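Chemist: Handing you this structure, nothing more for now.
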Amino acid sequence: MPIKDEILKLKKEKDIIIVAHNYQSPIVQDVADFLGDSLALARKITEIPQEKIIFAGVRFMAETAKILAPEKTILHPVPMAGCGMAWTIEPQDVKRLKAQHPDALVACYINTTAAVKAECDVVVTSASALKIIEKVDAKKIIFLPDRNLGRWVAKHFPDKEFIFHDGFCYVHNYLRPEDILDVKKKHPEAHVMVHAETPPEVWKYADVVTSTSGMVKYVEAHPDVKEFIVGTDVGMIYRLKTLFPDKEFYAVKRPMICKNMKAITAEDILRSLKEEIYPVHVPEHIAKKARAGIEKMLELSH
Ligand code: CIZ
Ligand code: SF4
């Protein structure tokens, strides 16, 4: 039996739900019950009635799921599939920033470990950051760890003061104008969508700078546009093609591939289903503190 069918059969038999991030490989996306960005998946976790959930995404996402649903079994098929950006900051870095700026609110990107989230006041995602920062009344904000996303958020709030950490994503940070312009030359009608984790110098070549769910919304809002250049992980191109089969989506010239996301294969998902591995554990003293910031995100992003 093809592996895809074997997964579909077994997940049904065992009543295990598979949720997957937009950056997962096509075959993993095809076997998932729910696909989305980290905000949508976090929300979904709180609504799933099943006891066991396989989380196909990077480690911090599986941890976030466990923090939101501590009574459930969250299985992360490849525990070492971490996020390069989340590794750019440690809890002691947050403590140091807080000591330097005791009057600032700490907003941390969801792409952080549970231990880092435990040091923060509110968690944000690329899809929710603007809404959340608008709602908090703080004038001074420590935004971490992504320096690019942080600057993109700050651009929208000129009356607030931002303090950044020097973190970045190795997939998005190296996008250059020529990676976009080269493809644009071949497809001059295409609209350019880039992720807010890309560096500020490419933003002026984009029609929209946004999150992956923001890209879906942008395509929906432009029914007359038939072609798009996509400046984010290639998994998103597969997702967009599935959602909009009558449109064309082109990758930028420099391949954008998150190896950490692709570390989860169909074979890993099958093994995870069969052996119910690997359950995620987050120590309760950390989970409790991290949960407050994540719940605040869910509340403020509505
Ligand atoms: O928030 C997420 O899921 C990430 C990491 C990217 C995006 O914008 O969807
Ligand atoms: Fe982390 Fe970058 Fe991969 Fe997203 S694309 S999971 S930020 S390493």
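A short reminder: the numbers here are calculations on the coordinates, not readings from a lab. Since this is a predicted model, take the numbers as computed values, not measurements. Cβ atoms come from the backbone with ideal geometry, glycine included; neighbour counts cover every protein chain shown.
Chemist: Once phi is turned into ³J(HN,Hα) by the Karplus curve 6.51 cos²θ - 1.76 cosθ + 1.60 with θ = phi - 60°, what whole-Hz value does each residue of the range 246-257 show in order, with x for glycine and proline?
Modeler: Per-residue couplings from phi come out as 8, 10, 10, 10, 10, 7, 6, 5, 6, x, 10, 10 Hz.
Chemist: Expected output is a single nm value to one decimal: the length gained when fully extending between residue 14 and residue 262, i.e. 0.36 nm times separation in residues minus the C-alpha distance. What is it?
Modeler: Here the segment from residue 14 to residue 262 would lengthen by 86.8 nm.
Chemist: Can you list the HN-Hα couplings for the range 184-189, worked out from phi with the Karplus curve (6.51, -1.76, 1.60; θ = phi - 60°), rounded to whole Hz and with x for Gly and Pro?
Modeler: Values, residue by residue: 5, 4, 6, 10, x, 7 Hz.
Chemist: Still on this structure: How many percent of Cα pairs in the range 200-302 exceed 19 Å?
Modeler: The calculated P(r) of the range 200-302 puts 63 percent of pairs beyond 19 Å.
Chemist: Beyond a 28 Å Cα-Cα separation, which of these cross-linked pairs lie in this structure: 217/259; 135/259; 186/241; 98/262; 12/44?
Modeler: Violating the 28 Å Cα-Cα cut-off are 135/259; 98/262.
Chemist: Straight-line reach from residue 160: which aspartates and glutamates fall under 15 Å, measuring Cα to Cα and dropping same-chain residues less than 8 apart?
Modeler: 103, 134, 137
Chemist: Mind jotting down a quarter of the surface of the convex hull over the alpha carbons of the range 122-163, in square nanometres, one decimal?
Modeler: About 2.6 nm², averaged over all directions.
Chemist: What's the FRET efficiency of residue 277 with residue 47 using the Cβ-Cβ distance as r and R₀ = 35 Å, to the nearest 0.05?
Modeler: 0.90
Chemist: Roughly how many nanometres apart are two label points built 7 Å out from the Cα toward the Cβ at residue 247 and residue 163?
Modeler: Those two pseudo-labels are separated by 4.0 nm.
Chemist: Based solely on C-alpha atoms, express the radius of gyration and the Dmax of the range 177-251 in angstrom.
Modeler: Just the Cα atoms of the range 177-251 yield Rg and Dmax of 11.1, 31 Å.
Chemist: Could you bin all the Cα-Cα distances of the chain into 20 Å bins starting at 0 and give me the percent of pairs in each, rounded to whole numbers?
Modeler: The calculated distribution, bin by bin, is 34, 58, 8.
Chemist: While we're looking at this one, here's another question. Give me P(r) over the range 46-163, computed from all C-alpha to C-alpha distances, binned every 5 Å, as integer percentages.
Modeler: 2, 11, 20, 20, 18, 13, 9, 5, 1, 0
Chemist: Sticking with this structure for a sec: So if we plug the beta-carbon distance of residue 103 and residue 220 into 1/(1 + (r/R0)^6) with R0 = 45 Å, what FRET efficiency do we get, rounded to 0.05?
Modeler: E between residue 103 and residue 220, to the nearest 0.05, is 0.65.
Chemist: How high is the relative contact order of the chain, given as a whole-number percent (alpha carbon pairs under 8 Å, six or more residues apart)?
Modeler: 24 percent
Chemist: Sticking with this one: HN-Hα J couplings of the range 288-301 from phi, Karplus 6.51/-1.76/1.60, θ = phi - 60°, integer Hz, Gly and Pro as x?
Modeler: Running phi through 6.51 cos²θ - 1.76 cosθ + 1.60 with θ = phi - 60° gives 4, 6, 5, 4, 4, x, 6, 5, 5, 4, 4, 5, 7, 8 Hz.
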